[in-house]
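Each remark here refers to the structure printed beneath this line.
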Amino acid sequence: MANIVKLGFAPLVDCAIPVVAAEKGFAAAEGLDLRVERAPSWAALRDKLAFGLVDGAHILAPLALALHQGIAGVPATPLLVPVSLGLGNNAITLSLDLYERMHAAAPEVMAGPPALRARALRSVIDADRAAGKPPLSFVTVFHFSCHHYELLKWLADGGIDGRSDVNIGVIAPPRMVESLAAGWIDGYCAGEPWNQRAVQRGIGQVVVTKADIRPDGLEKVLGLRADWAEEHPAQVAALIRAIVKAADWSRDPANRAELARLLAGAQYVGLPADLIELTLNGAIPAPHRNRPDTADAHRLLLEMTAAEQLDLSEAERGALAAAVWRPDLYDEAVG
């Protein structure tokens, strides 16, 4: 088939929609030979996009903006976002030791709203500092990620400065559980199924979810290289339609078990289907959320600014959001 489209993805349950588009024939029905390629980390996926090894990707929404702007550590890579792929499904997971210390330090806080549990962590940090212990170490999946901003917000709501009170680094999602088990980190913010994997193994505890920190917040998008998209408008429209149909199939509860089995394949997420099925609820957005909303891009740009990753005027932020987020392409494709 001449209409080959290569999409990269990271091994998370919210890669479901492009995987389903390829595996269940939705792309083929639109005349596309859709080939999905797993990347071991977001840095690897960034590089694949930047150097044209893939035409597009299941990508962190802030990373799409960072790549376009040229602040992601590789040459500026103009991207278009014609579809949103995922909303929730992130969580912050802590080591059992740290979780228990927080309970001991402030049981009343830990019994309250999860979004405010970092107040108990504040007590632990103060005790460690008084005892001369090194700062706690947390990781997220990438600096340009909602995970990073959600961790910063959760910490800040507990009176903790994520840039000075703790260490925050980056580890690829599939390595987080082992890093927690080995004691190299004290906690992480990641997408599923990597939080429930730590719980299942008895080495970690989810302390708060994205739904508690940022309800209905955008997570992943379909990012297409602008040069490829401009040269292949018919394929872009066909891909959008295939993605939307795959999303409809994926959100149908009758298909949940089959979807979990599909994602369990070693070439996709590579974890047990029963674990994946537990984590699918937040992975597929409601139908109206597949259409890209520039309000999401504006909010993300403000978070990037707050994290000191970006320094643009309001007008410049508006121009960037309009250049990358393309609801017009969605509307033209789906009518």
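Okay, here's what the table says:
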item: Solvent-accessible surface (1.4 angstrom probe) belonging to Val13, in square angstrom, nearest 10; result: 0 Å²
item: Euclidean distance of C-alpha centroids, the stretch 133-193 and the stretch 314-334, integer Å; result: 31 Å
item: Distance violations [Cα-Cα > 31 Å] among Lys48/Lys133; Lys24/Lys153; Lys153/Lys245; Lys133/Lys153; Lys210/Lys245; result: Lys48/Lys133; Lys24/Lys153; Lys153/Lys245
item: Quarter of the Cα convex hull surface for the stretch 111-173, i.e. its orientation-mean projected area (nm²); result: 4.6 nm²
item: From the coordinates shown, volume of the Cα convex hull per residue in Å³ corresponds to which of (i) 165; (ii) 136; (iii) 127; result: (iii)
item: Radius 12 Å from Cβ of Tyr268, net charge of other residues (Lys, Arg +1; Asp, Glu -1); result: -1
item: Length-normalised contact order for the chain - Cα pairs under 8 Å, 6+ apart - percent; result: 28 percent
item: At 1.567 mPa s and 4 °C, Stokes D of the stretch 1-116 from Kirkwood alpha-carbon radius, µm² per second; result: 77 µm²/s
item: Ranked by how many other beta carbons lie within 10 Å on average, peptides 303-316, 70-83 from highest; result: 70-83, 303-316
item: Along the chain, longest interval not containing exposed trypsin sites (Lys or Arg not before Pro), exposed being DSSP loop plus at most 16 other Cβ atoms within 10 Å; result: 1-162
item: Per-selection Rg to Rh, the stretch 94-242 - Cα, Kirkwood hydrodynamic radius; result: 1.09
item: The stretch 107-153 - percent of accessible surface contributed by carbon and sulfur, probe 1.4 Å; result: 63 percent
item: Pairwise centroid distance, computed over Cα atoms, of the stretch 1-79 with the stretch 109-125, Å; result: 37 Å
item: Span-rule helices in the chain, defined as complete DSSP H runs reaching 20 Å or more along the axis (Cα) with Kyte mean at least 0.0; result: 233-251
item: Share of pairwise Cα separations in the stretch 185-335, more than 24 Å, in percent; result: 48 percent
item: Potential lengthening between Ala104 and Val206 on full extension [0.36 nm per residue; Cα-Cα distance subtracted]; result: 35.0 nm
item: Value of D in µm² per second that Stokes-Einstein yields for the stretch 1-44, Kirkwood Rh from Cα pairs, at 20 °C (1.002 mPa s); result: 197 µm²/s
item: Segments 319-328, 53-62 sorted - mean Cβ within 10 Å per residue, highest first; result: 53-62, 319-328
item: Counting all C-alpha pairs of the stretch 232-303, share separated by more than 19 Å (%); result: 51 percent
item: Helix-derived mean residue ellipticity, 222 nm - over the chain, DSSP H n ≥ 4, -39500 (n - 2.57), to 500; result: -13000 deg cm²/dmol
item: Semi-axes of the equivalent ellipsoid for the stretch 168-237, Cα gyration tensor, largest first, Å; result: 34, 15, 11
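The values are calculated or read from the model by the stated rules, or taken from the named source; none is laboratory data. Just so it is clear, the model here is predicted, and its values are computed rather than measured. Positions of Cβ are generated from backbone atoms using ideal geometry, with glycine treated the same way; all protein chains shown enter the neighbour counts. With ligands, DNA and RNA removed, areas are computed over all heavy atoms of the protein, side chains included. Shrake-Rupley method; radii C 1.70, N 1.55, O 1.52, S 1.80 Å.
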